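Asker: Okay, here's the structure, questions in a sec.
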Amino acid sequence: MSRLEIHLWGALRPLAGGASSIFIEAQTIRELFRKMGEQYPGMEPHLRRGVAVSISGKVFRDQLDTPLPPDQEIYLLPRVPGG
Amino acid sequence: MSVHVKTTINGDQVEFVCGADEPLLDVLRNRLGLTGAKEGCGTGDCGACSVILDGRLVCSCLVLGAEMDGRSVETIEGMADGAKLHPLQQQFIDNAALQCGVCTPGFLMAAQALLRKNPDPTEEDIRFGLAGNLCRCTGYDKIVRAVQAAAKEMRG
Amino acid sequence: MTMNPDLVDKTYKVIGTRVRRPDGVDKVTGRARYGADASAPGQLVGLVLRSPHAHAVIKKIDISKAEKLKGVKAVITSADFPDHTNGDRGLRDILENCMARKKALYDGHAVAAVAAVDARTAREALKLIKVDYQILPHVTEVDDAFKANAPLLHDDIFTDGITPTPTKSSNFVKQAEYGHGDIDAGFREADVIIEKSYKTEQTHQGYIEPHSCLASVSPDGMAEMWVCTQGHFVYRNQCAAILGMDANKLRVTSSEIGGGFGGKTHIWAEPLALALSRKANRPVKLTMTRDEVFRATGPTSSTSIDVKIGAKKDGTITAAFAELRYHGGAFPGNWAEFGAMTGFACYDLKNVKTVSKDCVVNRPKTAAYRAPSTPQVCFAVESTVDEVARAIGMNPVDFRIKNAAKEGTKSSYGPVYGPIGIGPTLEAAKNHPHMKAPLAKDTGRGMACGFWFNFGGQTCVDMNVTPDGNVTVAVGTIDVGGSRASLALVVAEELGVPYDAVRVVVADTSTLGHNDMTDGSRGTFSSSMAAVFATRNAIKTLRERAAKTWEIPLDEVVWEDGAARAVGAQHGNRAPLTLKEIAAAAPGSGGPIAGHAEIVADNAGVSFATHICDAHVDKETGKTTITRYTVIQDAGKAMHPAYVEGQYQGGAAQGIGWALNEEYIYGANGRLQNAGFLDYRIPVCSDLPMIDTQILEIPNPHHPYGVRGVGETSIVPPLAAVANAVTNAAGVHMNHVPMSPPRILKAIKALKA
């Protein structure tokens, strides 16, 4: 399994000791969120409130089974409301 | 105090009893089941409750039911001729002049009153003729076009 | 026959035609039923008592006299809403906003409600409720809320996003940062730096239909609610959670909706109507007045924004910075943060940083308004962008084209963009005849571009074939602007039948799975995706039935033009089986024919628009008149072009109103001074010109028909487009919207002095 670089948005960085990205082995968004919660318990409230995942610019908000390909940019974002 | 009123609505004789302080809009909607006129504000600012009273466009929230005795009211429910839509109604549909549609009955009443007075209005005439009616969805563009198309059709 | 959304078909038979909408006749004849148009036997009238104070402790509420009034059937206060929120802060805020608990937090905050046999009795009852308030100091201005001595709304807000977390509570809810690169280094490289501060006032969505619902709770716990909403499933879930009910017991039916624009994504008085009905054992109809809509539903944030942009003489932006201060009304929100994400999203920036600061003030709870938080920051950024272009002597279109984001750009909010449409909208603007048209005296031309995230979300569609071979489709997304027509087009296209053979209805919450709201420009995007998949599932069944009838293998049956056709050499002469024939034979071939899809329509793709505005400024009065306006936006694929144009025009009109007239005005007493359409002036027909539109169709690769959400982006650029036009018309730089005549006049006078 590949170690992915996960880019964090601003609010998550203090919870990772100020790092702008973390490295986690995960194949899907679900696995990523589970391991984030385990390794960075401070991120739990954010994960509960909802985190969107940008995979090379495509934003996934709900589909936790979405695979995380190793060679693409993975960026976490807050969920945005709409009007 | 209640008032007994005999009036004409969309050509039909109608009788009702209403409170002395009851707006025509409430009479239409709550007592007569004519819910086509909408209450958007209750203060005469939005035109969603527009009806034609003795040939004159009014906000039905600003006139009293008690004043209707012996008078004649036209509402959106009487605009079509049976199954045949009025040209304004048809042009509103064909020109996509409505989105949510809640202001539409008021606009149709206002447009009806305008075209009776001025069958060949300019764009400016239409814009000022409809300035008492608020629409929040369309930006008015397609409403103006629908009225222009209906006016042309009605002039024949 | 794939369920893969990343497959774009490009040739269409009915998609893209301007068909008549199925709800058209009902809406032009007054038959369409909106929130306030329903009645139930024995219904009562519900009314709400609201705080006249911006900030006050509710010491005691005496409802005894009101309860004794003849004709009053129920009186409720927060005591009738035990807290079932179970640690969910968001839900608790909704509960507290629906009915004040210990404190009234804004002018208009509900404190009690009554249900009575008629409106007169209910009004009388409200007067008999005695509320003992202890008035507290209040704060309504966003910049004041951050001050150290500001009146404190909540004692449990400790600024999030600051390390270490403060130990003292404040109105400062949250700080967040976005961006990349080194802005200090970037500004050092700049030949020109423009730094300015901006303010925008609070606006309301201004939908013409006030909120209304008809609630009926039976003694056995079964409940029904008829309501105008952008999301009846969400209303059901939230009302049930607040009232401690099982969601399945509450069946919510959505009325026709008289406008929403984000304001009907939130529950306001609906739980009160349900609680009144539960207590009175009668149906209760609760309709807000316009005054209540303004005072007690969810307008936007008012904002205060600083922007700094640096560029080289060749037109390259070297650094961009913004600090955004927004409020969530009386409750915490992330509104500034969304602005921080979207503010510079149109540009390809090496060094960019945005800092958001969210706060609470004594105003109603902020709700989404069409591309929420973005028009405000776009006003600040795009006004500054124009000034930078002017300072380096470059045409504003060329300056934007030079700096526009493109595929591979690292966006200001983080991720790298895939293929995006900002460039094409700018090129289209540059080449548009509007750009070259001559200008009249005292008239200026402005432009601006804008960005919005669209999204998809949970969506569920049922498609059923009737025994006579027609089609009904049940969807769970509210139709706010003609989506039933668009969805019928999709199903007709997929199935190969005429548009008229498909009827689309919005199902109630008991007859379809959960659907997210119609927000985030998702209604048509996501429901059309689900409708395509549901139809493809039904087509598989139709092929199976044909295969059974013909006694041939399934893979020798294809579906084309509304009929099953046998393929292969041995079936050459077999007549096709039409939808009608298969439907008629359904009882003997396996029963009813239907297709379903339950999906998450993720990956909606971002949206960009460019607007061009001509504005005439009367220098004597300060009045601005928009003389020409053009909207250019990518729709992916315009399924019903007239309704796409309608979204563009409507968003532009709302933005023009925001730019020129609309604002909440609070008095020193913390009370809203203009809670009505007379004094909160939205654009009327005579205020606006025709609004030209140019629909670009760059297929969205993540939708089976290439569709992109179109509902929201059109409200983003107008504030800045109008401001830039005003600058070019009158030479004044307006840093405060609305640019009402007094503000413009003041700026003109200051310029002369």
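Asker: Using Cα pairs closer than 8 Å and at least 6 residues apart in sequence, work out the relative contact order for the stretch C:358-444, in percent.
Answerer: Relative contact order here is 16 percent.
Asker: Remind me, relative contact order of the stretch C:351-495 in percent, using alpha carbon pairs under 8 angstrom and six or more residues apart?
Answerer: Over the stretch C:351-495, the number comes to 15 percent.
Asker: A follow-up question, please. Give me Rg/Rg_expected for the stretch C:224-315, where Rg uses Cα atoms only and Rg_expected = 2.2 N^0.38 Å with N residues.
Answerer: 1.59
Asker: For the stretch C:456-600, what number results from the quotient of the Cα radius of gyration and 2.2 N^0.38 Å?
Answerer: Compactness ratio reported: 1.09.
Asker: Using the Cβ atoms and a cut-off under 12 Å, what net charge is assigned to the surroundings of residue C:143, where Lys and Arg are +1 and Asp and Glu are -1?
Answerer: Once all neighbours under 12 Å are counted, the net charge is 0.
Asker: Regarding the stretch B:45-84, what's the average projected area of the Cα-atom convex hull, expressed in nm²?
Answerer: If you wrap the Cα atoms of the stretch B:45-84 in a convex hull and average its projections, you get 3.4 nm².
Asker: Kirkwood hydrodynamic radius for the stretch C:127-190: how many Å is it when counted over pairs of different Cα atoms?
Answerer: Hydrodynamic radius (Kirkwood, Cα pairs) of the stretch C:127-190 is 15.4 Å.
Asker: Okay, moving on. Need one word for chain C: rounded, prolate or oblate. Basis is the Cα gyration tensor (sqrt eigenvalues a ≥ b ≥ c); a/c below 1.5 gives rounded, then a/b vs b/c decides.
Answerer: It comes out oblate by the Cα gyration axes.
Asker: Something else: Taking the stretch B:87-155 on its own, what percent of its Cα-Cα pair distances exceed 17 Å?
Answerer: 28
Asker: Quickly estimate the mean residue ellipticity at 222 nm for chain C, helices only: each DSSP H run with n ≥ 4 gives -39500 (n - 2.57), and the total goes over all residues, rounded to 500.
Answerer: -8500 deg cm²/dmol, from helical runs alone.
Asker: Tell me which lysines have Cα within less than 21 Å of residue C:103's Cα, excluding those fewer than 8 residues away on the same chain?
Answerer: Result set, ordered by chain and number: C:59, C:60, C:127, C:130, C:168, C:365.
Asker: Within 10 Å, count the other beta carbons around each residue, average over each peptide in A:46-56, B:136-146, B:19-29, and list them highest first.
Answerer: In decreasing order of mean packing, A:46-56, B:136-146, B:19-29 become B:136-146, B:19-29, A:46-56.
Asker: Moving on to the next point. So how many Å³ per residue does the convex hull of the Cα atoms of the stretch C:318-454 work out to?
Answerer: 138
Asker: If you scale each eigenvalue of the Cα gyration tensor by 5 and take the root, what three semi-axes come out for the stretch C:660-753, rounded to whole angstrom and sorted largest first?
Answerer: After scaling each eigenvalue by five and taking roots: 33, 20, 13 Å.
Asker: Take the alpha-carbon positions of the stretch C:421-533, form their convex hull, and give its projected area averaged over all directions (one quarter of the hull surface) in nm².
Answerer: For the stretch C:421-533, averaging the hull's shadow over all directions gives 10.5 nm².
Asker: For the stretch B:10-108, what is the convex hull (Cα atoms) projected area averaged across all directions, in square nanometres?
Answerer: That works out to 6.5 nm², a quarter of the Cα hull's surface.
Asker: To the nearest 20 debye, what is the magnitude of the charge dipole of the protein assembly as shown about its Cα centre, counting +1 on the Cβ of each Lys and Arg and -1 on the Cβ of each Asp and Glu?
Answerer: Rounded to the nearest 20 debye, it is 1280 debye.
Asker: To the nearest µm²/s, what D does Stokes-Einstein give for the protein assembly as shown at 25 °C and 0.890 mPa s, using the Kirkwood radius over alpha carbon pairs as Rh?
Answerer: My calculation gives 83 µm²/s for D.
Asker: Roughly how crowded by other chains is peptide C:17-27, in terms of the mean Cβ count from those chains within 10 Å of each of its Cβ atoms?
Answerer: 4
Asker: Of all beta bridges DSSP finds with both residues in chain C, what is the antiparallel percent, to the nearest 5?
Answerer: Roughly 75 percent of the DSSP beta bridges within chain C come out antiparallel.
Asker: How big is the Rg/Rh ratio for chain A, C-alpha atoms only, Rh by Kirkwood, two decimals?
Answerer: That ratio is 0.93, to two decimals.
Asker: Let me have the relative contact order for the stretch C:456-600, percent, based on Cα pairs under 8 Å that are six or more residues apart.
Answerer: Relative contact order of the stretch C:456-600: 36 percent.
Asker: Oh, and also: Have a look at the DSSP beta bridges in the protein assembly as shown and tell me what percent are antiparallel, nearest 5.
Answerer: Taking every DSSP beta bridge with both residues in the protein assembly as shown, the antiparallel ones total about 80 percent.
Quick note: the coordinates plus some simple rules give every number you see, no bench work behind them. Just so it is clear, the model here is predicted, and its values are computed rather than measured. Positions of Cβ are generated from backbone atoms using ideal geometry, with glycine treated the same way; all protein chains shown enter the neighbour counts.
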